[in-house]
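Let me begin by presenting the structure, written as structure tokens, before commenting on it.
The values are calculated or read from the model by the stated rules, or taken from the named source; none is laboratory data. Keep in mind the model is a prediction, meaning the values are calculated, not measured. Note that we place each Cβ from the backbone using ideal geometry, even for glycine, and neighbour counts take in every protein chain shown. The accessibility values were calculated without ligands, DNA or RNA, using every heavy atom of the protein model including side chains. Shrake-Rupley method; radii C 1.70, N 1.55, O 1.52, S 1.80 Å.
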Amino acid sequence: MRTHNSGKSSLGALVMAPIHFLMGILDAPLRWLQRATGIGGMAAFFLMPNMLIFGIFVLLPFFINFAYSMTGGTALFLPDRTFVGAGQYARLFDCRSYLDPGSCAEDTFWTAVKNTAWFVVLQVTLMILVSLVTALILNRDLAARSFWRAVFFFPVLLSPVVVGLIWKWILQRQGLLNFGLYGLGFDPHVWLNDRNWAFAATIGVSIWAHMGFYTLILLAGLQAIPKDLYEAAEMDGTRPARAFWRITLPLLMPNLLVVVVLVLIRAVQIFDEVYVLTGGGPGTSTLYLTQYIYETGFAAQLRNPGLAAAASILMGAVLVVLTLLQLGLGRSEKKGGRK
Amino acid sequence: MSGIVRFLTRRRGGKGWHWTDIVTWAWLIGGLLVMFGPAVWLVGSSFKSPAALAEFPPTILPYVTQKVTVEGYDKPLDLYEATLEDGSTAVLAEVRRIGVVSQMVDPKDPGEIVKVNIAKRTPVREMSFATDNYTEPFTHFDFVRYLWNSVFVTVTATLITLVVNSMAAFALSKYEFRGRTMAMLLILATLMVPLSVIMVPLYSIVSALGLFNNLWGVILPTVATPTGVFILRQYMLTIPDELVDAARMDKASEWQIYWRIILPLTAPALAVLAIFSVVWRWNDFLWPLIVLSRKELYTLQVGLSIYSGELNVQWHFILAMTVVTMIPVVLVFIFLQRFITTGIAGTGLK
Amino acid sequence: MGHIKLTNVKKSFGAVDVIHDVNLEIEDGEFVVFVGPSGCGKSTLLRMIAGLDRPTSGDLAIDGKVVNTVPAADRGLAMVFQSYALYPHMSVRQNLAFGLENTRMPKDEIAARIAEAARMLEIEAYLDRRPGQLSGGQRQRVAIGRAIVRRPVAFLLDEPLSNLDAELRGSTRAELAALHARLAATMIYVTHDQVEAMTLADRIVVLRAGRIEQVGTPLDLYNRPANRFVAGFIGSPHMNFLEGTVEAAGPGRSVVALAGGQKLELPSTGMAGARVTLGVRPHHITLGRSESSLSAKLTLVEALGAETVLHADLSGQKILVVAPGQHDLAPGESIDLSLAAAPIHLFD
Ligand SMILES: Nc1ncnc2c1ncn2[C@@H]1O[C@H](COP(=O)(O)OP(=O)(O)OP(=O)(O)O)[C@@H](O)[C@H]1O
Ligand SMILES: [Mg+2]
């Protein structure tokens, strides 16, 4: 008992020694600061670094974004830019028909909006379905459940670039998918060069990469449903399908709503894996909003940071609505939900 | 053995197969293939030579055509099994190919050239792992640099995240001051301002600070995570305030209370945040892509995406580098999977 | 060393006044106990003395020096918390050493002090354990040990025994008394438990709703409670209170008509016609008929062996009697109560 303890702590002591040393050195000046400012001053001291970083890298950009969106030109710094009022917004909304991106002055923006809208609708629906089915299956009386849970969770930790590359490799001409189809007697197809297949691929790949995360949240919700409810239903002769609609789904609803909003928020911002997988192509068939903002602001031949800022504010507005929705749902869940 | 099978195929109430059992197992097995298959395929492919990668249909395992050095020829020649005109087969080395005719020699008797239709020869192949795919990027490319940049960004950002977030969480959980709720709300509100919304002005600020094309420009904007402050604060709220009072009576300074009392007691939450921070920062892509435009500053993710976007993609290197990029995350997954999954289920954080 | 003086101390949290104008002087080496109902401000008062909270107004002096702005660390006091507040990640030894290390005391002196305290409190065997590996009683000793090694000018103890079971509380109480005798240091002790208060205190401070109701030695408070609140608070079981009206007031003799009609003769009271409350302790009432006895109806009998607790109804007012020995009585029976020998307290 003694030896075990001391062995462990000597290793810990070795790791901690430099930290102890550093913190010890900091102690003297901070004691002085504490004398000078009192305990309240120390609270401010502890809060300061975080607030400073938030202020500079989140709040400040958040506010000057509005200013940016009202200026034109390619200059980087705000004071060098020319004020154009609502010009950038006018440009974004300059369309003969909002249903036809081709009729707009900024046609790529509307293409990105349309693509993103379709992406969100399809991806969110499928993601919820797939995650829900997986969660329901994992919630059954399975052997080695944590193994299966890990299987579906595995891609969640992969970087979007890796995810994009893995699938780019699989979907290319000599890839695994064509190999499989070849075995079944089909001709190889260059999937990512096909507008529709490329679009479908972005949906499929993003679901592949993230479903494990949502499955986990839903599974936690399912496991919180008391088993005796099902036993009682079985005693009453309730059929399993009915038990699903009348017990599982209502009790899972709070988690499900949170997942829906989370998936929505992330789907609107889709970028990384798609950028690597298709680069927005072929043509503009998988160009989504974040990529439009990125390219308009940084990568395009004719950079237009003002236009990018205006587009990002529009996207931000959508996200704020969705986040508030989530907060509202979270609250009502706490108030009216299960204990 | 049969016990294991019986255990793995345990079914509803031990009765016969119900259709839901079939769906369950089809889904699980399918899931296993779809989730792991692509990654396994990637790892397998990463050991193939460029020639093998260009083949269709591809082989599952990495094969290369056997080569021999034949007297009178400078380069090693490919070995083929050829069907000769008299119907017999022989193992011959190809000297050159003209249209559909391949000129071949017998490696043991290289004097005489044999002409064989290319349809009548198949390469003699052996399994071989193209480890060059891994070693070359380390010597010829900036890959080591990218790796170092990624490690630097990940480690530094995580350390700063832990310190800065835990200090803020300490202030927000153990001190009473005016504006505390305000500060907390402000921090949570920043959850609503993702990078994709503020990238344009953030870029100008980072440039104004002289951090464009600087790894610190990648690190600093990411370190004050609202999620980090939130989970640490929630955890610190469970530490009794009396401990802080006791330490004050023990003549500890506030800084000592922070690092000798509160930090050690927050270790479990710090570990969760550390793991997440490592994964987040290692995987970051869009922001480094914006801030870093000089090649020698690229992180792995940026480097990989730039290389894979080139016209003439060198897939054999890309695949190998992708595998290397996956390694830390896979290690985290293998060793900490349970920890992470329970962490997510508990906090809903990602 | 250890003289503490509070002058017009007030404390409010936001708009809520928690402590109203407290004046109190504690002598060096005195054992003072704060008692009062829950939420009356005992802990708040103690924390202000400790320096963990600032008084809203008023002065706090230790050994003649006003310490209002002196932080807790520099007041030279030690505190034992109700939850013990031992550092869970440190061994017992580290817990004891932490406060000493912060004063940059030499290592061998720290070791010597820990050894001495450990011997005194008999915790030598657990010095290398974590608090989580100790029983409640052991933790409590460590908490006291952490205060002792500091050699403070005064000890502040906030309900240190409330988390112990009854038996352990009894023995630890005795040890605390011995410890105080040995250290001869000032101790301020907060408790709910009036047995602790009575047995430990040199002086008891009774608090109610942020005000001091009475300060005095335990027997002072028992024998001469300043008001009905103190009378009801000190003594177990509680004092009986009987409502009545003074019927006739003569020199040295008066008659009080109790609510319900029975009459009682007393040595002296206020003016005739005044409504009064009589206080009489259950132990002081005797059973048996006499010319001035009152009759009551038994509602409950609790036989404890050495004594019997009788709950009775005295024409509509509840009354409690503790009679020594065993009595063969049953609920519903009538009994006669004599207050002739009882000290009777009068409250308005
Ligand atoms: N930080 C605070 N903010 C607001 N009110 C407080 C605060 N601390 C204490 N109070 C209030 O002050 C009053 C006195 O509290 P205190 O803790 O001193 O009571 P106590 O006598 O120690 O009670 P107990 O015997 O239950 O420990 C209570 O009404 C409490 O609600
Ligand atoms: Mg209290």
Residue that is nearest to the other protein chains (Cβ to nearest Cβ) [pool: residues in the stretch C:76-87 that are more than 16 Å from ligand 2 (Cβ to nearest atom) and assigned to a loop (DSSP other than H, G, I, E, B)]: C:87
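Please indicate, with yes or no, whether at least one residue in the stretch C:51-72 is over 28 Å from residue C:173 (Cβ atoms) and either in contact with a His (Cβ under 6 Å, 6 or more places away or on another chain) or not assigned by TED's automatic domain parsing to the domain that holds residue C:100 (or both).
yes
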Some residue of the stretch C:176-196 being assigned by TED's automatic domain parsing to the domain that holds residue C:32, of a type in the set (A, V, I, L, M, F, W, C) and within 16 Å of ligand 2 (Cβ to nearest atom): yes
Qualifying positions in the stretch C:328-348 - at pLDDT 85 or above and open to solvent by 70 Å² or more (accessible area, probe 1.4 Å): C:328, C:331, C:333, C:334
Index of the failed condition, residue B:204 passing every other in (1) among the small types (Gly, Ala, Ser); (2) open to solvent by less than 30 Å² (accessible area, probe 1.4 Å); (3) more than 22 Å from residue A:295 (Cβ to Cβ): (3)
Residue within the stretch C:3-13 that is out of contact with any Gly (no Cβ under 9 Å at 6 or more places or on another chain), open to solvent by 50 Å² or more (accessible area, probe 1.4 Å), within 16 Å of ligand 1 (Cβ to nearest atom) and within 12 Å of chain B (Cβ to nearest Cβ) present: yes
Strands (runs of 3 or more DSSP E) wholly inside the stretch C:274-348 containing at least 2 residues that are farther than 15 Å from residue C:243 by Cα: C:294-303, C:307-314, C:317-324, C:334-338
Some residue of the stretch C:135-152 being within 16 Å of ligand 2 (Cβ to nearest atom), closer than 27 Å to residue C:49 by Cβ and assigned by TED's automatic domain parsing to the domain that holds residue C:194: yes
Members of the stretch B:232-253 found to be more than 7 Å from chain C (Cβ to nearest Cβ) and within 41 Å of the chain's Cα centre (by Cα), listed by number: B:232, B:233, B:234, B:235, B:236, B:237, B:238, B:239
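Which residues, taken from the stretch A:174-190, are open to solvent by 30 Å² or more (accessible area, probe 1.4 Å) and either within 7 Å of another protein chain (Cβ to nearest Cβ) or touching a helix residue (DSSP H, G or I) at 6+ places or on another chain (Cβ under 9 Å) (or both)?
A:174, A:176, A:177, A:179, A:182, A:186, A:187, A:188, A:189, A:190
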Residue check for residue B:192: open to solvent by 10 Å² or more (accessible area, probe 1.4 Å), at the interface with chain A (Cβ under 8 Å from one of its Cβ atoms) and of a type in the set (A, V, I, L, M): yes
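Table: residues versus (1) more than 8 Å from chain A (Cβ to nearest Cβ); (2) without any contact (Cβ under 8 Å) to a residue 24 or more places away in the chain; (3) within 15 Å of the chain's Cα centre (by Cα); (4) surrounded by fewer than 23 Cβ atoms within 10 Å (Cβ to Cβ).
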{"position": "B:298", "(1), (2), (3), (4)": "yes, no, no, no"}
{"position": "B:301", "(1), (2), (3), (4)": "no, no, yes, no"}
{"position": "B:309", "(1), (2), (3), (4)": "no, yes, no, yes"}
{"position": "B:321", "(1), (2), (3), (4)": "yes, no, yes, no"}
{"position": "B:331", "(1), (2), (3), (4)": "yes, yes, yes, yes"}
{"position": "B:336", "(1), (2), (3), (4)": "yes, no, no, yes"}
{"position": "B:339", "(1), (2), (3), (4)": "yes, no, no, yes"}
Failed criterion for residue A:121 (all others in (1) within 14 Å of another protein chain (Cβ to nearest Cβ); (2) open to solvent by 20 Å² or more (accessible area, probe 1.4 Å) hold): (1)
Residues of the stretch A:64-101 classified as part of a helix (DSSP H, G or I), aliphatic (A, V, I, L, M) and without any contact (Cβ under 8 Å) to a residue 40 or more places away in the chain, total: 4
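Having 3 or more residues that are farther than 24 Å from residue C:292 by Cβ and open to solvent by less than 30 Å² (accessible area, probe 1.4 Å) is the bar; report the strands (runs of 3 or more DSSP E) wholly within the stretch C:171-260 that clear it.
C:186-191, C:203-208
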In the stretch A:57-105, residue most open to solvent (accessible area, probe 1.4 Å) [restricted to those that are at pLDDT below 80 and of a type in the set (Ser, Thr, Tyr)]: A:98
Leading residue by the ranking (most open to solvent (accessible area, probe 1.4 Å)) among those in the stretch A:129-157 that are farther than 16 Å from residue B:32 by Cα and within 26 Å of the chain's Cα centre (by Cα): A:129
Pair list, Cβ under 8 Å, 6 or more apart: the stretch C:172-198 residue within 14 Å of another protein chain (Cβ to nearest Cβ) and β-branched (Val, Ile, Thr), other residue within 16 Å of ligand 2 (Cβ to nearest atom) and assigned to a loop (DSSP other than H, G, I, E, B): C:190/C:159
Residue within the stretch C:106-124 that is farther than 18 Å from residue C:18 by Cβ and within 16 Å of ligand 1 (Cβ to nearest atom) present: no
Selection within the stretch C:125-171 - within 16 Å of ligand 1 (Cβ to nearest atom) and touching a residue at least 60 places away in the same chain (Cβ under 8 Å): C:156, C:157, C:158, C:159, C:160, C:162, C:163
Qualifying position, being open to solvent by 80 Å² or more (accessible area, probe 1.4 Å) and free of Cβ contacts under 8 Å to residues at least 40 places away in the same chain, among B:71, B:94, B:81: B:71
Among (1) open to solvent by 30 Å² or more (accessible area, probe 1.4 Å); (2) within 16 Å of ligand 2 (Cβ to nearest atom); (3) away from every other protein chain (no Cβ under 14 Å) - the single one residue C:21 does not satisfy: (2)
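Quick one: count up the residues across the stretch C:32-75 that are part of a loop (DSSP other than H, G, I, E, B) and either buried (at least 19 other Cβ atoms within 10 Å of the Cβ) or within 16 Å of ligand 2 (Cβ to nearest atom) (or both).
So the answer is 12.
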Within the stretch B:195-231, tally of residues that are at the interface with chain A (Cβ under 7 Å from one of its Cβ atoms), closer than 18 Å to residue A:46 by Cα and assigned to a helix (DSSP H, G or I): 2
Cβ pairs under 6 Å, 6+ apart, first in the stretch A:169-193 and within 15 Å of residue B:44 (Cβ to Cβ), second loosely packed, with under 14 Cβ neighbours inside 10 Å and at pLDDT below 75: A:174/B:56; A:179/B:57
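Conditions (1) within 16 Å of ligand 1 (Cβ to nearest atom); (2) of a type in the set (D, E, K, R), marked per residue:
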position: C:39; (1), (2): yes, no
position: C:43; (1), (2): yes, no
position: C:55; (1), (2): yes, no
position: C:59; (1), (2): no, yes
position: C:83; (1), (2): yes, no
position: C:87; (1), (2): no, no
position: C:95; (1), (2): no, no
position: C:100; (1), (2): no, no
